[in-house]
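The values are calculated or read from the model by the stated rules, or taken from the named source; none is laboratory data. Only a predicted model underlies this, so the values are computations on that prediction, with no experimental measurement involved. Cβ: placed from backbone, ideal geometry, glycine included. Neighbour counts: every protein chain shown. Heads up: the accessible areas ignore ligands, DNA and RNA and are worked out on the full protein's heavy atoms, side chains in. Shrake-Rupley method; radii C 1.70, N 1.55, O 1.52, S 1.80 Å.
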Amino acid sequence: MKLDNKKIMYGLIATIALQLAVLIMEYGNAVYPLLTGTEIKIKVVPVDPRSLFRGNYARLNYDISRVSLPEESRAPRVNEVIYVKLKQDRDGLYFEEGVSLSKPDSGLFIKGRARHAHSRDVQVRYGIEAFFAPKEKALDLERELRAGGVAIIKLTKNGKPALLDIVANK
Amino acid sequence: MRLIRLLKRDIAKECTDWVKDSIISEDQASKICDRYGIDYKKASEQTYGYAVLMGLGYLFIGLAVITLLSANWDDIPRSIRMLGLLLLTTSTHLFALKKYKENQIPTAIGLFFLGSLFYGASIMLIAQIYHIDEHYPNGIFWWAVGVLPLGALLQSSLLISLTMVLAFIWFFVESGLNYFPMLFPIFLAVLAWHVFKVKQSYVLFLSFVVGLGVYLEYALSWWMGDGYRFNFEIENAVFCIGLFIAYHGFSKWLVSQKDPKLVDYGTVLGLWALRFMIFTLLILSFDWLWEELIETNWINSGFSIVLAAVFSIIGVCFSYFGNRQFYSTLSFALLYVFGLYMVMQTYDDIYALYFQIVNNIVLIIAGVWLIVKGIKESVTHYFFLGVTTILATGLLRYIDLVGDYIGASILFIIFAVILLSAARFWKSHQRSLQKS
């Protein structure tokens, strides 16, 4: 089956546009919480892996990475969306105030997905668990954060987080 | 199904040498090549090696840039990095587009391939710049989706191969994170169109066959996991065997077609389906496996039997409507359905021994059938597969005895009787042929 050259040219141009659109959408999706979100700080502990596809990064574990659903709630399914309500303490850090499978009506909350099923104690991923850095910097960061640290996160109104920076405890 | 069909390039090369040595004329060389569906003139131009080396060259340029960039180039401001990635991808593609317009198609394909690698690197690097860790298989998916139209429009096996490598990686990463890769059939559909309608490629054809099988297996597991997790059970093994019986029948149908491309695909598929079935029989020649099967708690035994019957009917129908030689597919199908039914109706694992004995006898009969078929039709791979089957069965039963030593000896005697009877039959058959 042969298409004429003109149609192929249009198709190729459309494909290049599609690729550009994908990159711009990815960029927009990454930048949107940074521009519009509320800044919050959460306690963080790093671990250091390397991904074949994604380069070096420090894997981060938050206080809110493991949460418990209330007794009246059912156990979530794997990858089901979980909402964690957040509240600020006296030090300015945010902590978990409540967990639910439905979107809270008000207040500040962060959206994640359940990693384990059949239990109300859930490991949650928020999509902010990787801090990319060159290998040496990732290792330095791991050393600096041994005593703990704080992640600076921007959070949109619908609970989508974006990782801005990590600061070591002094 | 002779494997010489799969060595077309060698045939074309031999023909070129024969023409050079004045053994045959160019016209005769052309006719020989025509018989196997190859263009003698194009084949002797040897552009294949050039294309492969060019493709590999572009791949390494791409890898060099990806490695360099993915070293977390922290010192450059985010916006400059972002702009750099967009410019790199777009300018490579635009340069490729220019080459295409100038009708330099192989160069254009090579550049689009390079641009597609930059595109993938950009997806990963944007995720790095902004520390995005939100379901990373999506990045691989969008990479594959972005390359797919290029492969289809340029009808390029190189770009389709890149798409499929990415699609398979996405499939396994996505399912590894417990998401069902629902959109994988889109890639399979384009791949099928490419291998059946556009260009011949054994590797891509086998990718299609494997991809289809893997997708259906995972779909079954997803369904058995109530639509939110993968649940791999014994039904998956039943499904896999059934699929290969259907593939065996389909291979016979392909071989009966006029299009040389389909005949070649049929030859490859038939070869691998047969090898798979012999391999399955060899695995099933152990008693502990039959014990496991008897003790299995079938989620839905009726469904498994229906599945087995459907695959068998598909395989036999393809085989029948192909070249009418459906006995081998029918034999495998009957063994499969009957064996499955019997094992489901058995509740005491003491009977595993009987299943094992029957399975071993079937293996020896299959081996003899392959040897006889190989000699009768002068097809060497049947002959050697038959010899391998019998030797492997003998070796396995020597290491892993059936019952006790007496039982094993009796089984070896049965093997010997089958083999010697086959030899006598063969001798008398040859004599009658010589007389006539």
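Which of the chymotrypsin sites (Phe, Trp or Tyr not before Pro) across the range B:287-348 are loop residues per DSSP, with 11 or fewer other Cβ within 10 Å? Show your work: numbers first, answer last.
Numbers: sites: B:TRP288, B:TRP290, B:TRP298, B:PHE303, B:PHE311, B:PHE318, B:TYR320, B:PHE321, B:PHE326, B:TYR327, B:PHE332, B:TYR336, B:PHE338, B:TYR341, B:TYR347; in loops: B:TRP298, B:PHE326, B:TYR347.
Loop-located and lightly packed - B:TYR347.
Tell me, what ³J(HN,Hα) does each residue in the range A:4-16 have, in order and in whole Hz, if you take phi through Karplus 6.51 cos²θ - 1.76 cosθ + 1.60 with θ = phi - 60° and put x for Gly and Pro?
My calculation for the range A:4-16 gives 6, 4, 5, 5, 5, 4, 4, x, 5, 5, 4, 5, 4 Hz in order.
Once the Cβ-Cβ distance between B:VAL165 and B:SER432 is put in as r, and R0 is 45 Å, what FRET efficiency do you end up with, to the nearest 0.05?
Working: r = 55 Å, r/R0 = 1.22.
Result of the calculation: an efficiency of 0.25.
Can you compute 3J(HN,Hα) from phi for each residue in the range B:92-99, using the Karplus curve 6.51 cos²θ - 1.76 cosθ + 1.60 with θ = phi - 60°, rounded to whole Hz and x for Gly and Pro?
Working through the residues one at a time gives 4, 5, 5, 5, 5, 4, 5, 4 Hz.
In Å, what Rg and Dmax follow from the Cα atoms of chain A?
When restricted to Cα atoms, chain A yields Rg and Dmax of 20.0, 70 Å.
Please label the shape of the range B:81-140 as rounded, prolate or oblate, based on the square roots a ≥ b ≥ c of the eigenvalues of the alpha-carbon gyration tensor (a/c under 1.5 means rounded; beyond that, a/b larger than b/c means prolate, else oblate). Before the final figure, lay out the partial values.
Details: a/c = 4.85, a/b = 2.32, b/c = 2.09.
It is prolate, given that a/c is not under 1.5 and a/b is the larger ratio.
At a probe radius of 1.4 Å, figure out the A/B buried accessible area, summed over both chains, and give it in Å² to the nearest 100. Walk me through the intermediate numbers first.
Details: alone 11550 and 23960 Å², together 31300 Å².
Buried area (both sides, nearest 100 Å²): 4200 Å².
Report the FRET efficiency, 1/(1 + (r/R0)^6), for A:VAL167 and A:GLU136, where r is their Cβ-Cβ distance and R0 is 25 Å, rounded to 0.05. Provide the component values of the computation, followed by the final result.
Working: r = 19 Å, r/R0 = 0.75.
About 0.85, to the nearest 0.05.
Can you compute 3J(HN,Hα) from phi for each residue in the range A:133-150, using the Karplus curve 6.51 cos²θ - 1.76 cosθ + 1.60 with θ = phi - 60°, rounded to whole Hz and x for Gly and Pro?
Using θ = phi - 60°, the values come out as 7, x, 3, 4, 5, 5, 5, 4, 4, 4, 5, 4, 8, 4, 7, x, x, 10 Hz.
Round to the nearest 0.05 the FRET efficiency obtained for A:ALA14 and B:ASP400 when R0 = 60 Å and r is the Cβ-Cβ distance.
Numbers: r = 60 Å, r/R0 = 1.00.
E(calc), rounded to 0.05, equals 0.50.
Give me, ordered by chain and number, the residues 5 or more places off A:ASN61 or on other chains with an amide H under 5 Å from its own placed amide H.
A:VAL45, A:VAL47
DSSP loop (so not H, G, I, E, B), at most 14 other Cβ within 10 Å: list which GluC sites (Glu not before Pro) in the range B:83-187 pass both filters. Walk me through the numbers before you get to the answer.
Working: sites: B:GLU102, B:GLU134, B:GLU174; in loops: B:GLU102, B:GLU134.
Within the range B:83-187, the qualifying GluC sites (Glu not before Pro) (loop, at most 14 other Cβ atoms within 10 Å) are B:GLU102.
Please report the carbon-and-sulfur percent of the accessible area for chain B; probe 1.4 Å, protein heavy atoms only, DNA, RNA and ligands left out.
Numbers: 14780 of 21890 Å².
Reported share for carbon and sulfur atoms: 68 percent.
How tilted is helix B:380-399 with respect to the longest principal axis of chain B? Cα atoms for both, answer in degrees (0 to 90, nearest 10).
70 degrees
Taking the 0 to 90 degree range and rounding to the nearest ten, how far is the long axis of helix B:405-435 tilted relative to the main principal axis of chain B, both from C-alpha atoms?
It is inclined by approximately 90 degrees.
Could you state the accessible area per residue of the range B:89-160 in Å², with a 1.4 Å probe and every protein chain left in place? Please list the in-between numbers first.
Working: 2120 Å² over 72 residues.
Per-residue value: 29 Å².
Quick check: residue separation of B:ILE365 and B:MET182 times 0.36 nm, minus the Cα distance between them. What number comes out in nm? Write out the running numbers ahead of the final one.
On the way: separation 183, 0.36 × 183 = 65.88 nm, distance 4.23 nm.
Once the chain is fully extended between B:ILE365 and B:MET182, it gains 61.7 nm.
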